[in-house]
Amino acid sequence: MPELPEVEITARLLDGALAGARIESARAPGINALKTFDPPLLALQGQRIATVRRRGKHLIVQTAEGLALLIHLMSAGRLQLYDKPAGPRDRTSRLLVGVRAQRHDAGAPSTGGSSAGPGKELELRLREFGSKQAAWVKLLRAGELDRDDSLASLGPEAWPDPPPLAQLLDAPRPLHALLRDQRVIAGIGRSWVDEILWQARLSPYKRGADLDEGEAERLRDAVIETLGGAIAHYEHAIRLPIPDKLPMPLRVHRHQGESCPRCAATLQAVHFEDYVIAYCPACQTEGRVLKDRRLSRLLR
Ligand SMILES: [Zn+2]
């Protein structure tokens, strides 16, 4: 489930490998991942990748010539870089971009110019695992990025320097829903929200408007620490091509039934149709164990 830390490490690794690379081909098998038609994917051919970066949970692959691939991995996508093209039996790929990387001569002093000779052929693949096909791609002119709905509607970045949270979360909605709302704050999803609220010792259903100054500061610190800690972990744990299964350093989410790493109480969970909230009753809800039905109504 890629959220801010997973998308950030993907952008960093791809940016390092692809900056300066020349795009030789681009296609979207099955077409439904591509949500735009003008400019066509073919327009990428011959362009050079300038940067790969992140905004919220989106990846942006921008070319020096002014086109940008805006990619959302949704819940089961990965943007991976391989040195062999996908085989004919590959059914997971939703976007395939063939590139020729700039040649890096290890140890050779940089001349600052374009290196002579052909670079390595690589394939950037958007792959999606699971039954739902939800990941999507838009090809935009770089100047259109700011106006694109999916980016324009995003709140401020959750990391590295989110604004004070007292004002940002001042709404009669539970923290668990507010923190995952990309229009409020961008980058946090169902996995990291549990870790953040546990870190801040706050109940998932405490209302944003009920946060006092101290709690809001504690929560902001927890957001920065938790997301920053995950990125630091990935810097050591993840290498290209980007693994299918990301080694998420979660301590609370998906750990219901185990001991709280802080106080050893048993972590509890509330199950929803498509996600689970995990929390420590001793650290976060004054010992109360939340009932599934009651909470599901509160979190609407
Ligand atoms: Zn605890």
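Looking at (1) within 16 Å of the ligand (Cβ to nearest atom); (2) in contact with a Pro (Cβ under 8 Å, 6 or more places away or on another chain); (3) assigned to a loop (DSSP other than H, G, I, E, B), which is the only condition Leu197 fails?
Condition not satisfied by Leu197: (3).
Of the residues Thr266, Thr226, Thr285, which is more than 30 Å from Leu122 (Cα to Cα) and touching a Gly at 6+ places or on another chain (Cβ under 9 Å)?
Thr266
Step by step: first the residues of segment 265-286, then only those that are modelled with pLDDT under 95 and part of a loop (DSSP other than H, G, I, E, B), then the one that is surrounded by the most Cβ atoms within 10 Å (Cβ to Cβ). Which residue is that?
Ranking the qualifying residues of segment 265-286, first place goes to Tyr275.
Kindly indicate which of Ala282, Ala237 is within 11 Å of the ligand (Cβ to nearest atom) and aliphatic (A, V, I, L, M). Walk me through how you get there before you give the answer.
Numbers: Ala237 fails: within 11 Å of the ligand (Cβ to nearest atom).
The match here is Ala282.
Name the residue that is farthest from the chain's Cα centre (by Cα), counting only residues in segment 174-194 that are closer than 15 Å to Arg251 by Cα and in a helix (DSSP H, G or I).
In this case the residue turns out to be Asp194.
Could you list all residues from segment 254-264 that are part of a loop (DSSP other than H, G, I, E, B) and either within 14 Å of the ligand (Cβ to nearest atom) or without any contact (Cβ under 8 Å) to a residue 60 or more places away in the chain (or both)?
As a first pass, look at segment 254-264 and keep what is part of a loop (DSSP other than H, G, I, E, B): 254-258, 260-264.
Those that are part of a loop (DSSP other than H, G, I, E, B) and either within 14 Å of the ligand (Cβ to nearest atom) or without any contact (Cβ under 8 Å) to a residue 60 or more places away in the chain (or both): His255, Gln256, Gly257, Glu258, Cys260, Pro261, Arg262, Cys263, Ala264.
If you check Leu290 against the conditions, is it assigned to a loop (DSSP other than H, G, I, E, B) and either under 22 Å from the mean Cα position of the chain (by Cα) or more than 16 Å from the ligand (Cβ to nearest atom) (or both)? Even if it seems obvious, please write down each step before you answer.
Working: assigned to a loop (DSSP other than H, G, I, E, B): yes; either under 22 Å from the mean Cα position of the chain (by Cα) or more than 16 Å from the ligand (Cβ to nearest atom) (or both): no.
Against the criterion (assigned to a loop (DSSP other than H, G, I, E, B) and either under 22 Å from the mean Cα position of the chain (by Cα) or more than 16 Å from the ligand (Cβ to nearest atom) (or both)), Leu290 does not qualify.
The values are calculated or read from the model by the stated rules, or taken from the named source; none is laboratory data. This structure is a prediction, so every number in the text was calculated from the model and none was measured. Cβ coordinates were reconstructed from backbone atoms using ideal geometry, including for glycine residues, and neighbour counts include every protein chain displayed.
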